[in-house]
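Encoded as structure tokens, the structure appears first; notes follow it.
Only the coordinates and a few stated rules stand behind these numbers; no lab work does. Being a predicted model, the structure only gives us computed values, none of them experimental. Please note: Cβ atoms are built from the backbone with ideal geometry, for glycine as well, and neighbour counts cover all protein chains shown.
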Amino acid sequence: MSKNVLLLPGDGIGPEIVTEARKVLENVNAKFGLGLELSEAKVGGSAIDATGKPLPEETLTACKAADAILLGAVGGPKWDTNPDFAIRPEKGLLGIRSELELFGNLRPAILYPQLAHASTLKEEVVSGLDILIVRELTGGIYFGKPRGVREKEGGIREGYNTYVYDENEIRRIGRVAFEAARARNKKLCSVDKANVLEVTVLWREIMEELKAEYPDVELSHMYVDNAAMQLVRAPKQFDVIVTGNMFGDILSDAAAMLTGSIGMLPSASLDKNGKGMYEPCHGSAPDIAGQGKANPLATILSAAMMLRYSLDQGEAADAIEQAVSKVLDQGLRTPDILSAGMRQVSTSEMGDAVVAALA
Ligand code: NAI
Ligand code: MG
């Protein structure tokens, strides 16, 4: 049965890195007989230029019809200062996330041994690091109502937001995390602030309830302040972390930086059926766009996650990840990960090298 994969190159370095991911996908498609049908659509600044909207109807329809989506990046100085927020590039991304209800955000932080020196932490603290943060992406305090700034007695202004999760929202992100833990090392740490916030008392209860469905997964709980500390003290104690939108935003950025290289980090955002949008963690890097300097590996690794989590093709995903490791072993580096004694390559040379390593 064929599977529909939609590519959204976007802006800046987006088209360059997605071109390389496409090469890799076409290669594994043929090699493993995956039956992938690849198509492309516009989103972000390129879509604004073409249609006046960051998320044209046609693109949204294609997103809904696709089995999985691979996005490059959106944004750039040409569009980012538009006073009308509705026609800024990131509206395109947020639109897809909310329209498709992509509530499950998976952000692995993997330190490739070949790049161990790139971390700001001591090598022994991070070497071999391979953790996964599962963040709830469409609820919590970022979306809770009421919200705003109001005036109270005496003309004093106060800002307020609402931190709310219902049990169904907690259960569905919990399942994503338990499933991910089951597919890895069967260790899940749920991060909350149950000593202070009622909403996370419920969070903890639901995670405990889910444990009955996943007796093979070891569940632990940690307060978010301690989790932040533990992530930089001894990150390898974790395997999978699950947490709400705001705590996940902060912890996943901190975890990403343990690996030291933004050009290497993939991500996934999933809906309740496991359909998802996959993208590198970095942005459109306008400073290096069009120069062949962009590192395509985060996007290529996002394509591997897409095969694993949305298309049930773990073998092809493993093959891509191994090919990436092999090109790093060969000493090939784009400028962002270059160090002494290594060979500098361009964006397309890196993509070609991954394809060659797949052979
Ligand atoms: P950025 O991630 O685009 O760039 C930060 C720095 O990292 C730059 O020096 C850039 O050259 C470098 N960099 C990023 N990706 C790289 C890669 N693959 N290879 C080599 N170097 C890389 O973040 P910045 O500069 O804050 O934002 C630039 C634009 O990207 C803005 O318009 C922003 O809104 C957008 N953005 C889009 C995101 C998305 O599409 N998901 C996420 C973050 C930012
Ligand atoms: Mg963030």
* Asked: Can you give the charge dipole size of the chain about its Cα centre, rounded to the nearest 20 debye, using +1 on the beta carbon of Lys and Arg and -1 on the beta carbon of Asp and Glu?
  -> 220 debye
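Relative contact order of the chain: what whole-number percent is it, with Cα pairs under 8 angstrom and at least 6 residues apart? Could the numbers behind the result be given before it?
Values: 765 pairs, mean separation 76.6, N = 359.
Value for the chain: 21 percent.
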* Asked: Can you tell me the Rg and Dmax of the chain, counting just the alpha carbons, in angstroms?
  -> 20.5, 72
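Relative to the compact globular guide of 2.2 N^0.38 Å, what is the alpha carbon radius of gyration of segment 137-258, as a ratio?
1.18
Restricting to DSSP loop positions (anything but H, G, I, E, B) with no more than 10 other Cβ atoms inside 10 Å of their own Cβ, which trypsin sites (Lys or Arg not before Pro) remain in segment 119-189? List each step's numbers first, then the result.
Details: sites: Lys122, Arg135, Arg147, Arg150, Lys152, Arg157, Arg171, Arg172, Arg175, Arg182, Arg184, Lys186, Lys187; in loops: Lys122, Arg147, Arg184, Lys186.
When the trypsin sites (Lys or Arg not before Pro) of segment 119-189 are filtered for loop state and at most 10 Cβ neighbours within 10 Å, Lys122 remain.
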* From phi via Karplus (6.51, -1.76, 1.60), per-residue ³J(HN,Hα) for segment 82-89 in Hz, x at Gly/Pro -> 4, x, 8, 4, 5, 10, 9, x
* Kindly provide the helix-only [θ] at 222 nm of the chain, computed as the sum of -39,500 (n - 2.57) over DSSP H runs of four or more divided by all residues, to the nearest 500 deg cm²/dmol? => -13000 deg cm²/dmol
* Lys3's amide H: which non-local residues (gap 5+, or another chain) put their own amide H closer than 5 Å, with H modeled 1.01 Å from N in plane and none for Pro or chain starts? -> Leu36, Glu37
* Among Phe178, Gly95, Pro15, which residue has its Cα positioned farthest towards the positive end of the charge dipole of the chain, with +1 placed on the Cβ of Lys and Arg, -1 on the Cβ of Asp and Glu, and the dipole taken about the Cα centre? -> Pro15
* Asked: In whole Å, what is the distance between the alpha-carbon centres of segment 79-128 and segment 197-233?
  -> 23 Å
